[in-house]
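As structure tokens, the structure follows; a few thoughts come after it.
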Amino acid sequence: MAHGLPIRPPRQPVHCSASARPHIVTPAAVPAIRPDGLTMTNPHAIPRSAPARAAESLYQRHRRFRSARSRKRIDRVVFAPERIRQAELDRIAQLVGPDATNPDELRPLLEMLVAARFSQKHVRTVGDWITALQIGLALVGVRPGHRVAMSSYTDFSHVVAVWRLGAIPCFVDIDDANLQVDPQALRLRFRTRDGGPIHCLLLHHLGGSPAGVAAAAAIAREHEAAVVEVVWGTMPPRYGNRPAGSVGDVVCINSRPEGSPNRRSIAFVGTDDDRLAERLAEWLADPASDDWPTAARQFGASFDPDTRRPDPLAVTRTVIQLENDDARLPRRQEIAATYNAAFSGFPELGVPREQASDVHTWNLYPLQLNCNRLPVSRKAFRAALEARGVETRTHYLPAHTHPALRIVTGEDDPCPVARRTFAREVSLPIHDQMTDEHAAFVVQAVVDVVCRASLRPETLDVP
């Protein structure tokens with residue numbers, strides 16, 4: 001008995017008659033015993049007891065499991081990373097541990113880092129995203145009854161911030177080439193005086209793209225309107241040598257990039273204007289000061305102490321995000337280049353466009369379906385990708401289609417291009433935790449769906 005497993009002792013050689021070949025059972029025929037008590041497979045081994053066979057079966061299953069893990073077979077790619085990396089968890093424990101610095105003391109450092117990255121003289125942290133948008137709009141003089149021009153193809157939180165201030169959103173159609181505000185449609189909005197002049201332009205860097213933002217800001221300057229830029233993520237897009245936030249009077253920054261998991265985040269409000277910075281500091285220190293509450297409190301736009309004070313864990317996560325942004329951006333750019341190279345040759349697909357002088361941060365990868373060449377709906381296309389293990393999303397539902405906003409604007413369909421773009425847009429996974437194998441898996445799934453849909457649409461749901 002060794003390690004609880006019975007082993008028969010080796011038999012002595014048995015010599016038969018001269019006419020018969022000797023049958024020898026040698027010690028080599030005895031099943032070898034591993035240090036952990038499991039026996040190794042030997043086709044010439046003598047019969048073993050039931051516990052030994054069970055142990056052998058368990059060992060073989062363990063070997064097959066280890067072999068499958070070593071191959072790293074990919075069967076699913078999620079749209080956004082679901083788990084925090086162990087290195088980030090260790091860094092969080094270091095920053096918020098018993099011997100660490102108070103997270104409130106990290107806020108000045110955090111504001112300084114964000115100001116340097118966005119080339120802003122003054123940056124202040126705010127604990128709530130919609131509150132930060134309200135502050136940014138109020139700083140440039142938006143008051144109840146004022147009209148704010150904005151893209152209809154944007155996150156609905158931007159509309160909520162305008163609505164809570166008592167202002168009126170004035171939606172502008174987009175250019176289907178870069179999904180940003182169409183310059184011609186914007187000029188038409190400024191020239192149309194129905195309902196009063198436009199006081200402010202709210203510009204959203206959709207998906208981390210800087211395309212068309214500088215041109216739209218120049219049009220607003222021609223009509224003496226203020227400009228508020230909106231950036232998602234702490235890595236700013238760049239148009240030429242200028243980072244996002246340098247063409248507007250105020251920039252509002254959400255620390256959570258578009259498409260990322262919906263975890264706690266903080267927001268920033270930045271400006272280069274010293275006068276606006278003084279007013280911002282006064283509002284954050286005393287919400288009852290100036291004309292902010294009296295003008296907007298009746299519309300629900302008031303400061304809550306909890307929203308003015310950022311969450312300590314969110315502050316810590318943002319510090320870690322700033323530390324890792326420089327390494328994450330090249331990974332997303334490589335994945336976007338892989339997608340562009342793979343999908344550019346398919347007339348059924350439209351890839352995002354970018355200018356050589358701009359830096360795209362690729363928070364989203366909006367793939368456009370050519371409905372004239374692809375005989376399937378977007379719903380069927382996404383279902384086929386999901387069946388192949390690729391998770392997708394859609395961005396953004398045009399805000400002008402909301403029934404309540406349609407009543408306010410008085411227009412049935414002011415943005416037809418935004419509505420058509422949303423009907424054919426599919427956002428593919430793109431994040432820094434994806435490897436080259438994940439990107440190839442997504443490309444193979446998309447190409448397979450396109451080829452099957454073009455040849456035999458009825459077999460589309462079969463992986």
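Details
- Some residue of region 194-206 being aliphatic (A, V, I, L, M) and in a loop (DSSP other than H, G, I, E, B): no
- Some residue of region 69-86 being surrounded by fewer than 18 Cβ atoms within 10 Å (Cβ to Cβ), on the phi > 0 side of the Ramachandran plot and at pLDDT below 80: yes
Yes/no matrix, rows are residues, columns are (1) over 26 Å from residue 437 (Cβ atoms); (2) free of Cβ contacts under 8 Å to residues at least 40 places away in the same chain; (3) in the same structural domain as residue 105 (by TED's automatic domain parsing):
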residue: 329; (1), (2), (3): no, no, no
residue: 332; (1), (2), (3): no, no, no
residue: 338; (1), (2), (3): no, no, no
residue: 345; (1), (2), (3): no, yes, no
residue: 348; (1), (2), (3): no, no, no
residue: 355; (1), (2), (3): yes, no, no
residue: 358; (1), (2), (3): yes, no, no
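- Scan of region 141-164 for residues that are of a type outside the set (D, E, K, R) and in a helix (DSSP H, G or I), ordered by number: 156, 157, 158, 159, 160, 161, 162, 163
- Looking only at region 386-401, and only at residues there that are over 15 Å from residue 172 (Cα atoms) and assigned to a loop (DSSP other than H, G, I, E, B), the one that is farthest from the chain's Cα centre (by Cα): 388
- Conditions (1) at pLDDT below 95; (2) in contact with a Pro (Cβ under 9 Å, 6 or more places away or on another chain); (3) surrounded by 24 or more Cβ atoms within 10 Å (Cβ to Cβ): number failed by residue 202: (1)
- Members of region 174-220 that are in contact with a Lys or Arg (Cβ under 7 Å, 6 or more places away or on another chain) and of a type in the set (S, T, N, Q): 178
- Here residue 265 meets the list (1) assigned to a loop (DSSP other than H, G, I, E, B); (2) more than 18 Å from residue 325 (Cβ to Cβ); (3) of a type in the set (S, T, N, Q) almost entirely, failing just condition (2).
- Residue within region 402-420 that is out of contact with any His (no Cβ under 8 Å at 6 or more places or on another chain), modelled with pLDDT of 90 or more, closer than 23 Å to residue 257 by Cα and assigned by TED's automatic domain parsing to the domain that holds residue 339 present: no
- In the set 278, 348, only one residue is at pLDDT 85 or above and farther than 25 Å from residue 107 by Cα; that residue is 348.
- Total residues in region 164-195, condition under 22 Å from residue 424 (Cα atoms) and either among the aliphatic types (A, V, I, L, M) or in the same structural domain as residue 368 (by TED's automatic domain parsing) (or both): 6
- For residue 283, the requirement of being buried (at least 20 other Cβ atoms within 10 Å of the Cβ), among the hydrophobic types (A, V, I, L, M, F, W, C) and modelled with pLDDT of 75 or more is met.
- Checking the stated criteria, residue 210 turns out not to satisfy the condition of being over 19 Å from the mean Cα position of the chain (by Cα) and at negative phi.
- Against the conditions (1) surrounded by fewer than 20 Cβ atoms within 10 Å (Cβ to Cβ); (2) touching a residue at least 12 places away in the same chain (Cβ under 8 Å); (3) not hydrophobic (A, V, I, L, M, F, W, C), residue 191 satisfies every one except (2).
- Check on residue 246, assigned by TED's automatic domain parsing to the domain that holds residue 107, closer than 16 Å to residue 121 by Cβ and either at pLDDT below 90 or among the polar types (S, T, N, Q) (or both): yes
The values are calculated or read from the model by the stated rules, or taken from the named source; none is laboratory data. Keep in mind it's a predicted model, so treat the numbers as computed, not measured. Heads up, the Cβs are rebuilt from the backbone with ideal geometry, glycines too, and the neighbour counts pull from every protein chain shown.
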